[in-house]
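Okay, so here's the structure we're looking at.
Computed from the coordinates by the stated procedures, all read-outs in this text should not be read as laboratory data. Values in this document were obtained by computation on a predicted structure and should not be read as measured data. A quick note on method: Cβ atoms are made from the backbone with ideal geometry, for glycine too, and the neighbour counts reach across all protein chains shown.
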Amino acid sequence: MDSPLVLGIAGSPRRHGNSERMLDAALKGAAEAGARVHMLVVAEADIHPCRGCNSCSLTGECVIRDGMREIYTLIDSADAIIVGSPVFFATVPSVLKILYDRMQPYWARTHVLKLPLPRRRPGGYIVVRGGGDPYGFVAAQYSTKSVFAVLGVDYLGEVKVESVDSPSDVGRHPEALEEARALGKMIAEDAMRRE
Ligand SMILES: Cc1cc2nc3c(=O)[nH]c(=O)nc-3n(C[C@H](O)[C@H](O)[C@H](O)COP(=O)(O)O)c2cc1C
């Protein structure tokens with residue numbers, strides 16, 4: 001049997017920045033635990049915003065034909081999900097919010113069409129911010145928890161890093177990178193126990 005697949009979702013529009021480096025560390029921890037890992041970079045995916053047409057409430061499927069078709073398959077095959085993102089204007093960046101809104105078919109299936117809940121899987125969130133506004137991490141955390149709820153992902157933990165702005169700033173926080181690695185390892189081990 002294959003080892004569990006841990007899917008990392010990189011939610012920044014900036015490649016190789018602080019949140020992606022943290023996510024890399026988490027996926028490294030997951031790989032060390034024996035999981036297969038895959039990183040999805042949402043900024044490079046061909047995905048378009050939810051139209052709010054509610055067709056998914058009738059069919060359980062999204063009518064938009066774009067890169068989400070592959071991403072839905074990837075999400076369905078993941079045994080664990082770890083999201084990494086910065087805070088942008090208190091919440092997640094628009095590239096990630098587009099992905100989040102496209103999770104509506106999962107909500108429609110369980111809440112409208114009364115289909116069975118998805119299988120429970122472990123997950124976590126890594127979130128970084130520059131600071132300078134009074135709103136902290138909380139809106140980004142709630143958005144991510146809301147998506148995890150419809151995907152059947154148990155939110156096992158998070159790592160938050162403050163005062164990072166330039167793309168390499170997180171390099172000055174080896175303890176945070178280590179925390180991310182430990183989160184990835186713990187999530188992978190949890191996924192293995194559920195196999
Ligand atoms: C458009 C934009 C909006 C931002 N809004 C916030 C904010 O509301 N709160 C905050 O603490 N930092 C904010 N930041 C700073 C980012 O969170 C910070 O630069 C972070 O390290 C970027 O992560 P990344 O390297 O993974 O892209 C913002 C940055 C940008 C570009």
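Brief remarks on what is shown
- If both residues of a DSSP beta bridge must be in region 5-194, then about 5% of such bridges are antiparallel.
- Translational diffusion of the chain was estimated from the Stokes-Einstein equation, with Rh taken as the Kirkwood radius over Cα pairs; at 4 °C and 1.567 mPa s the coefficient is 77 µm²/s.
- Under 5 Å from the amide H of V128 lie the amide H atoms of S85, V87, V161, each residue being 5 or more positions distant or on a separate chain, with H modelled from the backbone and absent for Pro and chain starts.
- In this structure the amide hydrogen of A80, modeled in the peptide plane, comes within under 5 Å of the amide hydrogens of L5, L7, none closer than 5 places in sequence on its chain.
- Considering only Y142, A176, G132, the residue lying farthest towards the positive end of the dipole of region 5-194 is Y142, judged by Cα position with unit charges set on Cβ.
- Once backbone amide H atoms are built at 1.01 Å from N, L40 has G8, I9, A10 as its partners under 5 Å, excluding neighbours fewer than 5 places away on the same chain.
- For region 5-194, lysine pairs with C-alpha atoms less than 17 angstrom apart, excluding pairs fewer than eight positions apart on the same chain, total 4.
- Trypsin sites (Lys or Arg not before Pro) within region 1-63, DSSP loop, no more than 14 other Cβ atoms inside 10 Å: R14, R15, R51
- Of S85, S57, S12, the one that fluctuates the most in a GNM where the chain has Cα springs shorter than 10 Å: S57
- Largest GNM mean-square fluctuation across L58, L183, L151, computed for the chain with C-alpha springs under 10 Å, falls on L58.
- Fewest-first ranking of R181, R172, using other Cβ atoms within 10 Å as the exposure measure: R172, R181
- Taking the Cα centre of the chain as reference, the dipole from Cβ charges on Lys and Arg (+1) and Asp and Glu (-1) amounts to some 500 debye.
- DSSP-loop chymotrypsin sites (Phe, Trp or Tyr not before Pro) across region 88-195, with at most 12 other Cβ within 10 angstrom: F89, Y135
- Derived scalar couplings between HN and Hα for region 44-56 equal 9, 8, 8, 10, 10, x, 4, 8, x, 7, 6, 4, 5 Hz in order, rounded to whole Hz, by the Karplus curve 6.51 cos²θ - 1.76 cosθ + 1.60 (θ = phi - 60°), x for Gly and Pro.
- Sites listed here are GluC sites (Glu not before Pro) in region 1-92 whose DSSP assignment is loop and whose Cβ has at most 14 other Cβ atoms within 10 Å: E61.
- For region 15-21, 3J(HN,Hα) per residue [Karplus equation, 6.51 cos²θ - 1.76 cosθ + 1.60, θ = phi - 60°, Hz, x = Gly/Pro]: 6, 6, x, 5, 5, 5, 5
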